[in-house]
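Structure record follows, encoded as structure tokens.
Throughout, read-outs are computed from the coordinates displayed, never taken from laboratory work. Quantities reported herein were computed from a predicted structural model and do not represent experimental measurements. Note that each Cβ is placed from the backbone with ideal geometry, even for glycine, and that neighbours are counted across all protein chains shown.
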Amino acid sequence: MGVIYTNAFVTTPICCPSRASILSGQYQHNHRTLNNSVSGGCSGLHWQQHVEPQTWPALLHQAGYTTFYAGKYLNQYGYKKTGGAAHIPAGWDWWIGLVGNSRYYNYSLSVNGTAVLHSDDYLTDVIKAYGLEFLRQRHVAEKNFLMVLAPPAPHAPFTPAPEYNDHYKNVKAMRTPNFNIPVFQDKHWLLQMPPSPLPDSMLPELDRVYRKRWETLLSVDDLVESIVTRLDSLGLLDSTHIILTSDHGYHVGQFGLPWDKRQPYEMDIRIPLMIRGPGFPHKQMDIRPVLNIDFAPTFLAMAGLEAPAWMDGVSFFPFPQTIVNNGTGMDRKFLIEYHGEGSRKTVSPDCPYDQSDTLSNCIPEQKCKCQDSKNNTYMCVRHLEPHITADVTPSHDFVFCKFRDSENFTEAYDLNVDPYQLNNLAPSLSPAIGNKYISWMDHLKFCSGLLCHLH
């Protein structure tokens, strides 16, 4: 029931910056949340003082909505250096915010500004219980409401609930054409780090991670079912918009990378997106390119509100009949930006690297293959123009990336013929095409509002 968006993307493939984009409707260079650290802007002063009060939930609250949030917010939320659990972001009537990053057990929640410790309570189930309690309130049936349920699943440490442990015993990580292939000099140096490919002895662990991620989502299925059932019993289901999505994609073994996100490739930047409710047709596929920065203006439009001019995204509501007729809104040129992060705290002394702040996430469990570095900093222009007939090759499906490193390394892929990004075209790209993408990149990296919509 509803619409499935087959070309939904994040503009930054990591938790905190992507969540900041979802909330603000802005590219990373405008909301200035650069990575998952406080120094990188995650739940820092700039965010709390200048961006948080203007997020789309805050605007809905100003318009009279009763608002509820439960689950993971921003990675650094609730710590002493970001105001502690007493800090309640602007615009929320009910606030059940996870302190810090993803956990399933042994976590603290800010319950309307008071820290509450949970040890043995499975977080997804706790979020579900709070959501159902909110829906028991009389005002839910009397006025407009916003409810955000944000379970960390399937984020690491991907701990399933006991009833779902080993539910998928025989499932293996997808052996895509780019799964655990050796990476040579046509990819950014971080992907070339040894071992490349990963040894066969590590494949069972990749399969285990993949299974556990799936198993954590079974509790999310239960959560969704409970909320939908409650809305139906209240007679509110058909008048309520329900959105299911994520803050980034993920890789498990692709290009010989163990498990993480952060990279500019399709598996990390694509996200699921499903919407049902008033203004959305039943059982429909929408192939338009949709970005996480589009969520804010879209959700405001669902409430009958106009998006502020400074938002970089564009509303995709209501579902326009012009798509069916002539493909309006198909052509999209957009920015993917990422600021690499290094932290000696995440480099294991058992790995053969200097204990400096150059690399990040280097652990023996992943054969010391680091997942990030300071110069894993890049910008990409993604140009996608799907054909109105979904099974016809898109008119444009191309990505061009530049890394901010000593080599000014460049990658480019024609996804029409190379959907798994195996063949880097940058060395053979014509100057005309390369300069065109550089021109678009130079424009987008400073854009704001309407200027972010290239035609």
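Take residue 90 and residue 163, extend 7 Å from each Cα along the Cα→Cβ direction, and tell me the distance between the two endpoints in nm.
Distance between label points: 4.1 nm.
Taking every DSSP beta bridge with both residues inside the chain, roughly what % is antiparallel (nearest 5)?
Just about 70 percent of them are antiparallel.
Where does each of 288, 382, 136, 404 land when they are ranked from fewest to most other beta-carbon atoms within 10 angstrom?
136, 404, 288, 382
What ranking do 259-271, 172-184 get when scored by the average of other Cβ atoms within 10 Å per residue, highest first?
In decreasing order of mean packing, 259-271, 172-184 become 259-271, 172-184.
Taking the mean number of other Cβ atoms within 10 Å as a proxy for protection, how do you rank 148-159, 297-308 from highest to lowest? Write out the running numbers ahead of the final one.
Working: 148-159: 19.3, 297-308: 17.4.
So the order, starting with the most tightly packed, is 148-159, 297-308.
Please arrange 452, 447 by how many other C-beta atoms lie within 10 Å of their C-beta, fewest to most.
447, 452
Based on the Cβ-Cβ distance of residue 306 and residue 108, what FRET efficiency does E = 1/(1 + (r/R0)^6) give at R0 = 51 Å, to the nearest 0.05?
0.85
Give the aspartates and glutamates whose C-alpha is closer than 15 Å to that of residue 212, dropping any in the same chain fewer than 8 places away, or say none.
163, 166, 221, 260
To make sure I understand the rule: partners must be lysines, Cα under 24 Å from the Cα of residue 81, and not fewer than 8 residues away in the same chain. Which ones qualify?
Candidates past the 8-residue exclusion: 72, 345, 374.
If you take every residue apart from residue 102 with its C-beta less than 14 Å away from the C-beta of residue 102, what net charge results, scoring Lys and Arg +1 and Asp and Glu -1?
In short, +4.
Order these peptides, 419-427, 19-27, by their mean beta-carbon neighbour count within 10 angstrom, highest first.
Peptide ranking by packing, descending: 19-27, 419-427.
What does the charge add up to near residue 428, with Lys and Arg as +1, Asp and Glu as -1, over the other residues with Cβ less than 15 Å from its Cβ?
Around residue 428, the charge tally is -4.
May I ask which of 261/445; 169/369; 172/369; 187/369 have a Cα-Cα span longer than 19 Å here?
In this structure, 261/445; 169/369; 172/369 exceed 19 Å between Cα atoms.
Note down the nm distance, to one decimal, between modelled labels 7 Å out along Cα→Cβ at residue 125 and at residue 345.
Reported label-point gap for residue 125 and residue 345 is 3.1 nm.
Using modelled backbone amide H atoms (1.01 Å from N, in-plane), which distant-in-sequence or interchain residues come within less than 5 Å of residue 290's amide H?
Those qualifying (amide H under 5 Å, at least 5 residues apart or on another chain) are 7, 8, 9.
For residue 185 and residue 4, compute 0.36 nm times the residue count separating them, minus their Cα-Cα distance, and round to one decimal in nm.
61.4 nm
Under a Cβ-Cβ cut-off of 15 Å, what is the net charge of the residues other than residue 196 that fall near it, where Lys and Arg count +1 and Asp and Glu count -1?
Numbers: positive: 187, 367, 369; negative: 186, 200.
Its environment carries a net charge of +1.
Tell me, 166, 222, 120 in order of fewest to most beta-carbon neighbours within 10 Å?
Placing the least packed residue first, the sequence is 120, 166, 222.
Restricting attention to segment 70-163, which GluC sites (Glu not before Pro) occupy a DSSP loop and are surrounded by at most 14 other Cβ atoms within 10 Å? Before the final figure, lay out the partial values.
Working: sites: 133, 142, 163; in loops: 142.
Filter output for segment 70-163: 142.
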